[in-house]
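Report on one structure; see the data block that follows.
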2 protein chains.
Amino acid sequence: MRTLYHLPLDPGCRKVRMLLREKQLECELHAEKIWERRDEFLKLNPAGEVPVLVEEDGTTITGGAQVVAEYLEEAYPENPLLGDGPLCRAEVRRLIAWFDLKFWREVTANLVEEKMLKRFLGLGQPNSSAIRAGHANIHYHLEYIGWLSDRRNWLAGEDFSLADITAASHISALDYIGDVPWQMHPGAKDWYARVKSRPCMRGVLGDTIAGAPPVKHYADLDF
Amino acid sequence: MRTLYHLPLDPGCRKVRMLLREKQLECELHAEKIWERRDEFLKLNPAGEVPVLVEEDGTTITGGAQVVAEYLEEAYPENPLLGDGPLCRAEVRRLIAWFDLKFWREVTANLVEEKMLKRFLGLGQPNSSAIRAGHANIHYHLEYIGWLSDRRNWLAGEDFSLADITAASHISALDYIGDVPWQMHPGAKDWYARVKSRPCMRGVLGDTIAGAPPVKHYADLDF
C-alpha cells in the first residue's frame, strides 16, 4: 500500500492528502512525530521532514509538499490539478508559491507553528508578537482570496486547481485552531465553503489531534 | 524582445538567466532596483520582487524563479532541463528545493543578503552572527555537492539539469563575494569548474556591480 508520512496540521501534508483524494489514489496515513527523530524514518528522509510519500514498490518521494505534488501530477496525469497550457499552469504555480511562501511566512508560521508545533517540539512558550503579526496579516490575504474569487470561478481560473488545494491546506490548519476571522471576509468564506464541500476535504476535516481538538465549526459545511 | 527584470546577485534571477541561455532564448536584461519601488515595475508585479519575465507579446510571468523556470520548461520544451520521467524529475526538483529553501536559509541569506542586499536596501550594518552562521553552514552543503558528484555525473543524475543550475545560481553569488572555501572541498570545486565552463554561465560570470566588483578568481575557469 502507498504510505504518506505526515503531520495532521502541516499545510504541506494537507496539500498532498487532498491531492491524493482528488486523484482517487489510495494511501495509508502514518502520523510521524518528527521531533522523535525515529531511525527508520530518518532512513527514508535524512532531512527528517514531512511529507514523505512511499509508493507500493518502495519508491520514496521527498523534498517538500510541492515536489511530491508535481510528482503525483506527472505520475498520475488523470484529473490534472495544475491546469492546461504553460500560462494557466504558471498562474496556478504563482498562487501556490504565494500561499506556500508568502502566506506561510506571514500567517501560518506565526499562528499554527507558534501555537501548535512549538508545543509538540518542546520549544517553549509561543511568541506573542509573532501571534499578533499573524492575526494582523491574515486580513490582507483573505481579502486577496475574496478579490480573486469575485473575478474567477476558482482562485487560479475556471477550474478547481492545486492553487485552491494549497490555499485550503493553510486556511484549514488555521481554522482548526479557530484563527480565521470569517465574519469579516464573506468572499473568502464563500470560496472556503465551496472547497469544504469537495470530497478531497473529507480526510483533513476529520482530523482530531489528541489533547488539542478542533474548534466547533471546523468540520461544519455551514460555519 | 523578451525582457527579464532581475538583480545581478539574486540566485533566483541567476537561475532564470542560465536557463534562458541553456534553451538559447534571447532575452534583454533589465536590472531592477526593487528598493526604488518604481511604479511601472509594480504594475508588472505588485509584489515588487524579481525575477519577472515579460514575453514579447506582453505576457508576464511572476511568482518566483521556480515558477518562471517551470513555465520556460513547458513553453519551450526543447533542451529539457528537468529530466525524463516523473522519478528523475522528482529528484531534480528535490535538489532544487534543497538549494532554494535549505541552502538559501542556511547560507545565501546569511552571506549574500547580509553583506550585499542590506547595503542596497539601506537596512543598516550586516548582522555578524548571521555571517558566522553562513560561513559555518556552507561546509556541510559543499560536502553534499561533493558526495553527489562522486556518485553521479551531475547533481541529480547522468544529465546536467536545473538542479545544477539552481545550485550554481547560489554558489556563483557566494563566489562573487569570495565566500566559498574551495580549497577545503575539492569535490564541489571539480563540479563547479565543470559548470563554469558551460556557455550558460557566461552571462552571470560577466557580471560586475558598480562599487562592488567580484573577487579576482570569480570568472576564471581555473580557480
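The values are calculated or read from the model by the stated rules, or taken from the named source; none is laboratory data. This is a predicted model, so every value here is computed, not measured. Here the Cβ is made from the backbone with ideal geometry for all residues, glycine too, and neighbour counts use every protein chain on show.
The residue list B:56, B:73 contains one member that is buried (at least 16 other Cβ atoms within 10 Å of the Cβ) and among the charged types (D, E, K, R), which is B:73.
Annotation: of all residues in the stretch B:157-181 being in a helix (DSSP H, G or I) and among the polar types (S, T, N, Q), the one that is nearest to residue B:214 (Cα to Cα) is B:172. Scanning the stretch A:68-99 for residues being within 18 Å of residue A:53 (Cβ to Cβ) and in contact with a Ser or Thr (Cβ under 6 Å, 6 or more places away or on another chain) gives a total of 2.
Kindly provide the set of residues from the stretch A:75-117 that are within 16 Å of residue A:15 (Cα to Cα), acidic (Asp, Glu) and over 16 Å from the mean Cα position of the chain (by Cα), ordered by number. Those that are within 16 Å of residue A:15 (Cα to Cα), acidic (Asp, Glu) and over 16 Å from the mean Cα position of the chain (by Cα): none in the stretch A:75-117. Among residues belonging to the stretch B:32-67 that are β-branched (Val, Ile, Thr) and touching a residue at least 12 places away in the same chain (Cβ under 8 Å), point out the one that is farthest from residue B:162 (Cα to Cα). Filtering first and then ranking leaves B:34.
The listed residues are B:40, B:91, B:26, and the only one of them that is crowded, with 16+ Cβ neighbours inside 10 Å and on the phi < 0 side of the Ramachandran plot turns out to be B:91. Scanning the stretch B:180-187 for any residue that is surrounded by 13 or more Cβ atoms within 10 Å (Cβ to Cβ), in contact (Cβ under 8 Å) with a residue 60 or more places away in the chain and among the β-branched types (Val, Ile, Thr) turns up nothing. Remark: pairs (first residue in the stretch A:68-90, of a type in the set (Ser, Thr, Tyr); second residue surrounded by fewer than 21 Cβ atoms within 10 Å (Cβ to Cβ) and in a loop (DSSP other than H, G, I, E, B); Cβ separation under 8 Å; 6+ apart in sequence or on different chains) = A:76/A:23; A:76/A:25. Count of the stretch A:141-156 residues, restricted to those that are part of a helix (DSSP H, G or I) and either in the same structural domain as residue A:9 (by TED's automatic domain parsing) or small (Gly, Ala, Ser) (or both), is 2.
Contact map, the stretch A:94-122: residues that are among the aliphatic types (A, V, I, L, M) paired with residues that are surrounded by fewer than 19 Cβ atoms within 10 Å (Cβ to Cβ), Cβ distance under 6 Å, separation 6+ or inter-chain. Pairs shown: A:107/A:137; A:121/A:35. Could you check, for the stretch B:187-194, whether at least one of its residues is in a loop (DSSP other than H, G, I, E, B) and either assigned by TED's automatic domain parsing to the domain that holds residue B:97 or at pLDDT below 95 (or both)? Within the stretch B:187-194, none of the residues are in a loop (DSSP other than H, G, I, E, B) and either assigned by TED's automatic domain parsing to the domain that holds residue B:97 or at pLDDT below 95 (or both). The residues of the stretch A:1-41 that are in contact with a His (Cβ under 6 Å, 6 or more places away or on another chain) and in a helix (DSSP H, G or I), listed by number, are A:11, A:13.
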